[in-house]
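First the structure, in the form of structure tokens, and then the observations on it.
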Amino acid sequence: MTIGSERFERFSGHESFVCRYGWLPKVFRAVLADPRVLRNDEQAMVMLGIGRNMVKSLQFWAEATGVITQTEDGGHAPGPIGGRLFGDGWDPYLESQESLWLIHWQLSTRASLAAWNEVFGEGRLIRFDRARLVQALAQRSTPLARPLAPSTLEQHGSLFIQSYLPSEKNADDTAWCPLQDLGLLKATKTEDGRTLYSTDIHVQVGLTPRVFALALVDFLLRKNRSGTADFNSLLKGDHSPGVVFRLSEHQLRGLIERTMGEALFGALRFVDTADTQSIVLTTTQIDPQFKLWQQEEALENA
């Protein structure tokens, strides 16, 4: 669910495939060439060079990551993430960790994916085994009109783990998910033979003030239109930068300070008083490039 939203969560649609390396730039270019390419399975299979189920999975991930968005006529257009990374030339081939942090933010705050909401959006699970994750997903699915099959929950949980857990990659293997490069998920064996996964705080390589600024503006403007929030909500609040990026208090302070001096210079203030510590965003001073999702939403509502 997005911040402050009660949108329906998704547990399926990915066809059991992770978002594979090379998929997102490829589908972005395909949609630019033909906005209706994904409406025709045969044409999409030829243009993208993958099978029918993979086409459905690719569409799912391209929409979930904000690389493309559906249009009213049933076609597709560049989404906010796709436009920024591939259209504006930030990272045409998705080679930078900075870009992956941006995609991770999108998936954890705006894609309505149950496992992402549970682990990275609300931060309920820091250390867990596969059974605990599936149990948490089952609890999240209780509001649904029809109960989900255990296999659906297990598949969704497994796919989440595969998306982030580093795996061996051969030179010609494109089956891995680029989000593995973020190092957000670690695996260890317990004495009783179980695999325990952890998303502990560590040094977040590649998380730049530029991407942090995009996330911070997004969080502040959706949480409170005035652009003000206390420091603790940025660190521990649902779908906050601290939770989504797994930041320590020290790391969060450092990123805020760097962002005040760089990307959001003149637009962001840190107010430290005896009673509270707050972040204040002056919305009229924000460089428009850092209001990424808000610009898209304004166009949709126009």
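None of the figures in this text is laboratory data; all of them are computed from the coordinates on show. Just so it is clear, the model here is predicted, and its values are computed rather than measured. All Cβ positions, even for glycine, are placed from backbone atoms using ideal geometry, and neighbour counts span all protein chains on display.
General remarks:
- As a calculated quantity, the FRET efficiency between Gln285 and Glu191 at R0 = 41 Å, using C-beta atoms, amounts to about 0.15.
- All lysines inside 25 Å of Lys223 as judged from Cα atoms, apart from same-chain residues fewer than 8 positions distant: Lys236, Lys291
- Label separation (Glu262 vs Glu249): 2.5 nm, computed from points 7 Å beyond Cα along the C-beta direction.
- Once backbone amide H atoms are built at 1.01 Å from N, Gly79 has Ile68, Thr69 as its partners under 5 Å, excluding neighbours fewer than 5 places away on the same chain.
- Counting only Cα atoms, the size of the range 93-165 along its three principal axes is 39, 24, 22 Å, in decreasing order.
- Each stretch of four or more DSSP H residues adds -39500 (n - 2.57); spread over every residue of the chain, this sum gives -12000 deg cm²/dmol at 222 nm.
- Rg and Dmax [Cα atoms of the range 137-290; Å; Rg one decimal, Dmax integer]: 19.2, 57
- Chain lengthening between Ser167 and Arg132 when straightened (0.36 nm per residue, less Cα-Cα): 10.4 nm
- Separation of alpha-carbon centers, the range 225-241 and the range 242-270, rounded to whole Å: 11
- For the chain, built as a Gaussian network whose Cα springs stay under 10 Å, the top-fluctuating residue of Thr283, Thr273, Thr109: Thr273
- Within the range 1-89, the chymotrypsin sites (Phe, Trp or Tyr not before Pro) that combine a DSSP coil assignment with at most 13 other C-beta atoms in a 10 angstrom radius are Phe8.
- Proxy reagent accessibility, fewest Cβ within 10 Å first, across Ile103, Ile161: Ile161, Ile103
- Computed over Cα pairs, the Kirkwood radius of the range 209-301 leads via Stokes-Einstein (0.890 mPa s, 25 °C) to a diffusion coefficient of 186 µm² per second.
- In loop segments of the range 103-158 as defined by DSSP, the trypsin sites (Lys or Arg not before Pro) with at most 16 further C-beta atoms inside 10 Å of their C-beta are Arg124.
- Radius of gyration and maximum dimension Dmax of the chain, Cα, Å: 19.3, 64
- Where GluC sites (Glu not before Pro) in DSSP loops with at most 10 other Cβ within 10 Å are excluded, longest remaining stretch of the chain: 192-302
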